[in-house]
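Asks: Sharing a structure, written as C-alpha cells. Questions coming.
Every read-out reported here was derived from the displayed coordinates using simple, explicitly stated rules and does not represent laboratory data. For clarity, every value in this text was computed on a predicted model and none was experimentally measured. Counting neighbours? That spans all protein chains shown, and the Cβs are built from the backbone with ideal geometry, glycine included.
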Amino acid sequence: MIDETTQKDLVKALGERVQFDAPMSRHTSLRIGGPADALATPADRQELAALLEICRRRGLRRTIIGAGFNCLVADQGIDGVVITLRKFRGLEERPGPTVYAEAGVSHSAVTRFCVERGLSGMEFAAGIPGTVGGWIMMNAGIGVREQKDVALELGFVTSENTEEEIRKTSTLDFRYRELRGLPEDAVVVSALFALELSSREEVKAEVDRLLSHRSATQPLDVPSCGSVFRNPEGDFAGRLIEAAGLCGERVGGAEISAVHANFIANLGGARAADVLDLIERARTRVLDACGVELQTEVHLVGRSE
Ligand SMILES: Cc1cc2nc3c(=O)[nH]c(=O)nc-3n(C[C@H](O)[C@H](O)[C@H](O)COP(=O)(O)OP(=O)(O)OC[C@H]3O[C@@H](n4cnc5c(N)ncnc54)[C@H](O)[C@@H]3O)c2cc1C
C-alpha cells in the first residue's frame, strides 16, 4: 500500500501517468498478474528523475518492466511502484553506422527502422518481443547472436544519480540472458547499436526468414512469456521437457505447449499459481527423467504467497 501523502507526491510529479492499483495482467505478455500498488510511465528523463527521487525519499520498492514479455507477475500483485519506460521512444541513425534507441522503443520499431535504412546486424532480434531496455537487461538473443554482439554503449540512471551515465558495453559482463556489472538499481534509458550498411532487400529477407521460422516453431497465437527455462549447456530445455512427457500438461488455464515445450501458454484465465505449478512439475520431472536441474529464464516478479 502506498500512503496518501506519497500518492499525492506521485500524482504531482507524473499527473495521469501514474495509476494506482493497476492490474499487471494488462502489462505482461502472459496476461497474468495482480495489481501493482502504482504503475508509473514517466514522459521523459526529468519525470523519471523526480519519480526515482520520490521512491528513494519515501522508501518505496520499485520494479522496472519493459513490455513484460519475460515476466511472470504474482497473482497477489506487486508492492510499491512499477516503472515502465514505454514513453522513451527516441530512435535515430547516427554515424558509424550506429542506431541510438531509447529504452522504451519496441522490437518491431527497431526492426522496421533497420529494414527501411538497410542497416544490418539486428535482424536476429526481429521476433524477440519487448523493448530495448528489456533486450539489454536480458541480453536477448537467439543461438548465434545476442545483444552483446551489437550493443556498443548504454545509458542508465540510478536513484542516487539521475544524470544519465553512459557505459561502453565492453566494460560490462553480458551472460546468457542476463547482464551484470551495472549498479543493482540501474534503470537503462538508452542504447547505441553498431550496425553495418546493407540493402533494404537483404535486411528484409533475413528478417522475414527468421520470422517465418518463429511462426513455424513457436505458439505465437496464445499469450506466453517465451522460453520459461534457460537452455542448459549443450542441450535445450524444450527437448528435455518433451522427453519427460510434459507436452500438453495443464493446470487451470495454463498449458505446457505442444508446439514448443519450453513455452507455457495462457489458454484463458490462467493464474500465476497455475504457471508456477507447471514450472515445478517440469523441474521435478526433468530432474527425475534426465538428471538435469532446469533454471527459470522468466523473471518471477511481485508478492509471494
Ligand atoms: C513469443 C516470445 C518469444 C520470445 N523469444 C525470445 C528469444 O528468441 N530470445 C530471447 O532472448 N528472449 C525471447 N523472449 C523473451 C523476451 O522477448 C525477452 O526477454 C525481451 O528482452 C523482454 O523484453 P521486455 O522489454 O518485455 O522486458 P521485460 O520482460 O519487461 O523485463 C525483463 C527484465 O528486464 C528488466 N528491464 C526491462 N527494462 C528495463 C530497463 N529499462 N532498465 C532496467 N531493467 C529493465 C526487468 O526488470 C526484467 O527483469 C520471447 C518472449 C516471447 C513472449
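Asks: What length, rounded to one decimal in nm, is gained on full extension from Glu201 through to His213, with 0.36 nm per residue of separation minus their alpha-carbon distance? List each step's numbers first, then the result.
Replies: Numbers: separation 12, 0.36 × 12 = 4.32 nm, distance 1.83 nm.
Length gained between Glu201 and His213: 2.5 nm.
Asks: Using helices alone, what [θ] at 222 nm do you get for the chain, with -39,500 (n - 2.57) per DSSP H run of 4 or more residues, divided over all residues and rounded to the nearest 500? Walk me through the numbers on the way to the answer.
Replies: Details: 7 runs with 87 residues, N = 305.
Value at 222 nm, helices only, nearest 500: -9000 deg cm²/dmol.
Asks: So what's the gap between the Cα centers of the stretch 198-257 and the stretch 1-59, to the nearest angstrom?
Replies: After rounding, the separation between the Cα centres reads 32 Å.
Asks: Out of all Cα-Cα pairs in the stretch 237-301, roughly what percent, to the nearest whole number, are more than 14 Å apart?
Replies: Values: 1053 of 2080 pairs.
Taking all Cα-Cα pairs of the stretch 237-301, the fraction more than 14 Å apart is 51 percent.
Asks: Taking springs between alpha-carbon atoms closer than 10 angstrom, which of Ala191, Ala254, Ala205 fluctuates most in the Gaussian network model of the chain?
Replies: Looking only at Ala191, Ala254, Ala205, the biggest GNM fluctuation is shown by Ala205.
Asks: I've got another one for you. Starting from the Cα of Gln76, step 7 Å along the direction of its Cβ; do the same at Glu4; then give the gap between the two resulting points in nm.
Replies: In this crude spin-label approximation the distance works out to 2.7 nm.
Asks: Return the percentage of antiparallel bridges among DSSP beta bridges fully within the chain, rounded to the nearest 5 %. Mind dumping the intermediate values first?
Replies: Numbers: 39 of 50 bridges.
For the chain, the DSSP antiparallel bridge percentage is about 80.
Asks: Here is a further query. Please compute the net charge surrounding Val115, taking Lys and Arg as +1 and Asp and Glu as -1 over other residues with Cβ under 9 Å from its Cβ.
Replies: Details: positive: Arg112, Arg117, Arg200, Lys204; negative: Glu116, Glu123.
Net charge around Val115: +2.
Asks: Let me ask something additional. Excluding Thr41 itself, what net charge comes from residues whose Cβ is under 12 Å from its Cβ, given Lys and Arg +1 and Asp and Glu -1? Mind dumping the intermediate values first?
Replies: Numbers: positive: Arg17, Arg86, Lys87, Arg89; negative: Glu16, Asp44, Glu47.
Its environment carries a net charge of +1.
Asks: Could you give the length gained on full extension between Cys290 and Asp44, defined as 0.36 nm per residue of separation minus the Cα-Cα distance, in nm?
Replies: Working: separation 246, 0.36 × 246 = 88.56 nm, distance 4.90 nm.
Full extension from Cys290 to Asp44 adds 83.7 nm.
Asks: Would you list His299, His260, His213 from fewest to most Cβ contacts within 10 Å? Could you put the intermediate results ahead of the total?
Replies: On the way: His299 17, His260 22, His213 12.
In order of increasing Cβ crowding within 10 Å: His213, His299, His260.
Asks: Binning every alpha carbon pair distance of the stretch 4-84 at 10 Å from zero, what are the percents per bin?
Replies: Going out from 0 Å in 10 Å bins, the stretch 4-84 shows 20, 54, 25, 1 percent.
Asks: Please report the relative contact order for the chain, taking Cα pairs under 8 Å with a sequence separation of at least 6, and give it as a percent rounded to a whole number. Please list the in-between numbers first.
Replies: Working: 660 pairs, mean separation 53.4, N = 305.
About 18 percent, as a whole number.
Asks: Now a separate question. Using only alpha carbon pairs under 8 Å that are at least six residues apart, calculate the relative contact order of the stretch 146-305 and give it in whole percent. Walk me through the numbers on the way to the answer.
Replies: Working: 215 pairs, mean separation 28.3, N = 160.
Computed value for the stretch 146-305: 18 percent relative contact order.
Asks: Helix check for the chain. Which DSSP H runs span at least 18 Å along their own axis by Cα, with a mean Kyte-Doolittle hydropathy no less than -1.0? Display every interim value, and only then the final one.
Replies: Working: long enough: 45-58 (19 Å, -0.46); 200-217 (26 Å, -0.96); 272-290 (26 Å, 0.31).
Helices meeting the criterion: 45-58, 200-217, 272-290.
Asks: Pull up the cross-link candidates among the lysines for Lys204, meaning alpha carbon to alpha carbon under 28 Å and not fewer than 8 places away within one chain.
Replies: Leaving aside lysines fewer than 8 places away in the same chain, those within reach of Lys204 are Lys87, Lys148.
Asks: Please compute the net charge surrounding Arg250, taking Lys and Arg as +1 and Asp and Glu as -1 over other residues with Cβ under 12 Å from its Cβ. Numbers along the way, then the final one.
Replies: Working: positive: Arg281; negative: Glu249, Glu255, Asp274, Asp277.
It works out to a net charge of -3.
Asks: Run the quick spin-label model on Asp185 and Arg26: label points 7 Å from Cα toward the beta carbon, then report their separation in nm to one decimal.
Replies: Distance between label points: 2.8 nm.
Asks: Another question, if that's okay. Determine the relative contact order of the stretch 67-112: mean sequence separation of Cα pairs under 8 Å and six or more apart, normalised by residue count, in whole percent.
Replies: Rounded, it is 29 percent for the stretch 67-112.
Asks: Still on this structure, please answer the following. Each label point is 7 Å from the Cα along the Cα-to-Cβ direction; what then is the distance between the points at Leu220 and Ala109, in nm?
Replies: 2.1 nm
Asks: Still on this structure: Taking the chain, how much of its Cα-Cα pair set, in percent, is spaced more than 25 angstrom apart? Each step should come with its number before you reach the end.
Replies: Numbers: 23984 of 46360 pairs.
So the portion of pairs separated by more than 25 Å is 52 percent.
Asks: What list of ³J(HN,Hα) values in whole Hz, one per residue of the stretch 155-163 in order, does the Karplus curve 6.51 cos²θ - 1.76 cosθ + 1.60 (θ = phi - 60°) give from phi, with Gly and Pro shown as x?
Replies: Per-residue couplings from phi come out as x, 8, 10, 10, 4, 7, 10, 8, 7 Hz.
Asks: Still on this structure, I have one more. Please compute P(r) over all alpha-carbon pairs of the stretch 91-217, binned at 10 Å starting from zero, and give each bin as a whole-number percent.
Replies: The distribution over the stretch 91-217 is 13, 46, 31, 9, 1, given as percents.
Asks: Run the numbers for Asn161 and Glu93: contour at 0.36 nm per residue of separation, minus the present Cα-Cα distance, in nm.
Replies: Details: separation 68, 0.36 × 68 = 24.48 nm, distance 2.75 nm.
Computed gain between Asn161 and Glu93 is 21.7 nm.
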